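Engineer: Quick one: the structure is below, questions incoming.
The values are calculated or read from the model by the stated rules, or taken from the named source; none is laboratory data. These figures come from a predicted structure and were not determined experimentally. Note that each Cβ is placed from the backbone with ideal geometry, even for glycine, and that neighbours are counted across all protein chains shown.
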Amino acid sequence: MTGLMLVLLLLAGCAGQQAKQQVTPEQARARIAALLPANVGDRQGWARDIETAFTAQKLDPSPSNICAVLAVTEQESTFSADPKVPNLGRIAREEIDRRAARVYVPKALVNAALDTRSTNGKTWNQRLAAVRSERELSQLYDELISSLPLGKSLLGGLNPVRTGGPMQVSIDFAEAHAAGYPHAHDGSLRNEVFSRRGGMYFGIAHLLGYPANYDQPLYRFADFNAGWYASRNAAFQSALSRVTGVQLALDGDLIAPGSILPGSTEKAARRLGEQFGMRNPTLRSQLEKGDGYEFEETRLYQQVFALADKAAGKRVPRAVLPGIELKSPKITRQLTTAWFAKRVDERYQRCMKQ
């Protein structure tokens, strides 16, 4: 009897696992709709687009994953596919001027271009001042550079809109992860990001589409804001600081952005090079893996944490919130990645209580 009961229990366990894997699209949509905030309109439409993204990316529509997506979306846009941005026209003009200055396009030339009449009789400056959403701004800018002589040559790379949609995902990220996108479209990933279906698809990919050994979603929320593995890398910087005595900014950047010269994290790692039997080029190549999961498999990562654990007399954290101040033309007060992650986590916890 004992053997028979054991077999039955094993079969029941297998059946339970199989049932978990076989959530139908209809069941997933119902689960998503039930967890959406009460004030969200077109609940079935939101549920459909989110479920399609989960299915296309082979992600588990678990309550935890769904609540993570809904929490980020609520924080970023309160479930608006094309959220309105106060003073967007002024912000956009200032950003255009900044970008033009960086590539040495004279401000007088930018002013002259924007003061010309557009296709509807108003100047481009007048139309720019009237925009209220990032989709409107992006479309206006594309129309502008297509209408002006040498517009694409002079202004093509100055589109001030870099993020969009209900999850405020990076357009560059969407263009880099277009493979597998399940919706037919006109060829412009930029336009898809501003749609609900595209914004949710690429936002979900950015939030959940990479493996991470985090013990709580809080760190994925920080990564969503600061970049993949920023929380893990910040923990590595903390451990490296502990064992070398070098004060490091816990920003998740293991390599100085855009430079071949060593940054502060790389310089600190070099202090351990002889102890680890690693030359500078080897240290550099292992730090360059910091934007992927495989960094955790490097000797540098493992030995730094081994030393940090020994020094602390316990296992030190493998993830910490990055200490990054948020900078964007749309941000008018001092905010940080930690603030963002904690606000999203509060929404996530409320969702999970349902």
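Engineer: Can you give me the number of residues within region 30-64 that are within 24 Å of residue 174 (Cα to Cα), basic (Lys, Arg) and either part of a loop (DSSP other than H, G, I, E, B) or touching a Leu at 6+ places or on another chain (Cβ under 8 Å) (or both)?
Structural biologist: Residues flagged as within 24 Å of residue 174 (Cα to Cα), basic (Lys, Arg) and either part of a loop (DSSP other than H, G, I, E, B) or touching a Leu at 6+ places or on another chain (Cβ under 8 Å) (or both) within region 30-64 amount to 1.
Engineer: Residue under question is residue 209, and the condition is that it be of a type in the set (Gly, Ala, Ser), within 19 Å of residue 64 (Cα to Cα) and in contact (Cβ under 8 Å) with a residue 12 or more places away in the chain; does it hold?
Structural biologist: Judged against the criteria, residue 209 is a match.
Engineer: Another question, then. Among the residues of region 187-209, is there at least one that is in contact with a helix residue (DSSP H, G or I) (Cβ under 7 Å, 6 or more places away or on another chain), surrounded by fewer than 17 Cβ atoms within 10 Å (Cβ to Cβ) and not hydrophobic (A, V, I, L, M, F, W, C)?
Structural biologist: no
Engineer: Just the residues that are under 18 Å from residue 238 (Cα atoms) and part of a loop (DSSP other than H, G, I, E, B), please, taken from region 263-294.
Structural biologist: 263, 271, 272, listed by residue number.
Engineer: So, one more: Check region 269-290 and report whether any residue there is modelled with pLDDT under 95, assigned by TED's automatic domain parsing to the domain that holds residue 249, touching a strand residue (DSSP E or B) at 6+ places or on another chain (Cβ under 9 Å) and among the charged types (D, E, K, R).
Structural biologist: no
Engineer: Mind counting the residues in region 273-290 that are among the charged types (D, E, K, R) and crowded, with 17+ Cβ neighbours inside 10 Å?
Structural biologist: Qualifying residue count for the region: 2.
Engineer: Based on what the data block shows, is residue 240 more than 24 Å from residue 163 (Cα to Cα) and buried (at least 22 other Cβ atoms within 10 Å of the Cβ)?
Structural biologist: When the stated conditions are applied, residue 240 passes them.
To keep it simple, each residue is scored yes or no on (1) at pLDDT 95 or above; (2) crowded, with 20+ Cβ neighbours inside 10 Å.
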residue	(1), (2)
312	yes, no
329	no, no
337	no, yes
342	yes, no
346	yes, no
